[in-house]
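The values are calculated or read from the model by the stated rules, or taken from the named source; none is laboratory data. All values derive from a computational prediction rather than experimental measurement. Backbone-built Cβ (ideal geometry, glycine too); neighbour counts: all protein chains shown.
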Amino acid sequence: MVISNLHIYGFDNAVRGSKFPMITDVSKATSEITKTTYSLAQCEKGTGHDQMLTGIIAQFDLTFTVKAWTEAERYHFFDFISSQSTMHRISKFDLTNQYSEYVDKRMIEIMNELKDRYNETQDIEDYLKLLYSNPCGFKLTAAMTTNFRQLKTIYYQRKNHRLPEWREFCKQLEEIPEFKDLVIETD
């Protein structure tokens with residue numbers, strides 16, 4: 001799993017607020033999901049009619065490899081709460097279990113050797129060799145905050161991506177009942 005510890009906030013309020021443009025008495029707005037709610041949430045990306053999705057906040061832990069994190073940085077609307085740190089903990093991780101299955105076993109052996117050497121010497125040069133030799137398949141977890149509108153963008157851009165963790169991320173979005181029911185277009 002790449003997504004864990006998921007929490008969703010503001011769903012009812014966002015649905016209620018989405019009704020404001022078409023009413024004059026806001027006290028009559030409800031959080032009932034209507035056909036219009038679905039139309040707004042599933043509108044064409046970039047039209048702005050799905051603005052209500054911005055009010056549905058999603059917080060979760062996300063575990064990606066360094067390669068996927070590099071790609072995730074293009075999404076300026078992923079707010080990092082905090083993350084695991086190679087700078088602070090590269091020499092403490094259980095490296096045998098920290099890499100994706102696509103990292104060559106020989107690389108893992110080399111990394112374990114570099115880690116053991118640094119832990120023995122505590123020399124800055126040994127630390128830098130360990131840090132800079134780390135493969136892109138190293139997995140790190142970060143606590144994230146974003147919203148359904150941004151997840152909609154990511155979903156449609158990444159659901160068929162080459163990296164398996166992006167595809168897994170999108171599959172897990174499909175398993176979030178509120179996201180699946182409201183955002184994913186049905187045939």
*If we keep just the residues of segment 160-187 that are in contact with a Phe, Trp or Tyr (Cβ under 8 Å, 6 or more places away or on another chain) and outside any helix (DSSP H, G or I), which is modelled with the lowest pLDDT?*
ILE184
*Spot the failing condition for SER4; the list is (1) of a type in the set (Ser, Thr, Tyr); (2) surrounded by 15 or more Cβ atoms within 10 Å (Cβ to Cβ); (3) in a strand (DSSP E or B), and only one is missed.*
(2)
_Which condition from (1) more than 30 Å from TYR132 (Cα to Cα); (2) of a type outside the set (Lys, Arg); (3) modelled with pLDDT under 95 is the one that GLU71 breaks?_
(1)
*Within segment 11-29, which residues are in a helix (DSSP H, G or I), aliphatic (A, V, I, L, M) and at pLDDT below 95?*
MET22, VAL26
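To keep it simple, each residue is scored yes or no on (1) touching a helix residue (DSSP H, G or I) at 6+ places or on another chain (Cβ under 9 Å); (2) at pLDDT below 95.
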site: MET107; (1), (2): yes, no
site: THR145; (1), (2): no, no
site: PHE148; (1), (2): yes, no
site: THR153; (1), (2): no, yes
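Of all helices (runs of 4 or more DSSP H) completely enclosed by segment 30-133, which ones contain at least 1 residues that are touching a residue at least 60 places away in the same chain (Cβ under 8 Å)? Please lay out each step first, then the result.
On the way: elements: 35-41, 66-72, 86-89, 95-98, 105-121, 124-133.
Hits in segment 30-133: 35-41, 66-72.
So which of ILE57, ILE81 is β-branched (Val, Ile, Thr) and exposed (fewer than 15 other Cβ atoms within 10 Å of the Cβ)?
Values: ILE57 fails: exposed (fewer than 15 other Cβ atoms within 10 Å of the Cβ).
Residue meeting the stated conditions: ILE81.
If the requirement is being surrounded by fewer than 11 Cβ atoms within 10 Å (Cβ to Cβ) and either polar (S, T, N, Q) or under 23 Å from the mean Cα position of the chain (by Cα) (or both), which of these qualifies: GLU32, GLU101, GLU71? Spell out the reasoning first.
On the way: GLU32 fails: either polar (S, T, N, Q) or under 23 Å from the mean Cα position of the chain (by Cα) (or both); GLU71 fails: surrounded by fewer than 11 Cβ atoms within 10 Å (Cβ to Cβ).
Every option except GLU101 fails the conditions.
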*asked:* For THR86, only one of the following conditions fails: (1) modelled with pLDDT under 95; (2) buried (at least 16 other Cβ atoms within 10 Å of the Cβ); (3) under 22 Å from GLU175 (Cα atoms). What is its number?
replied: (3)
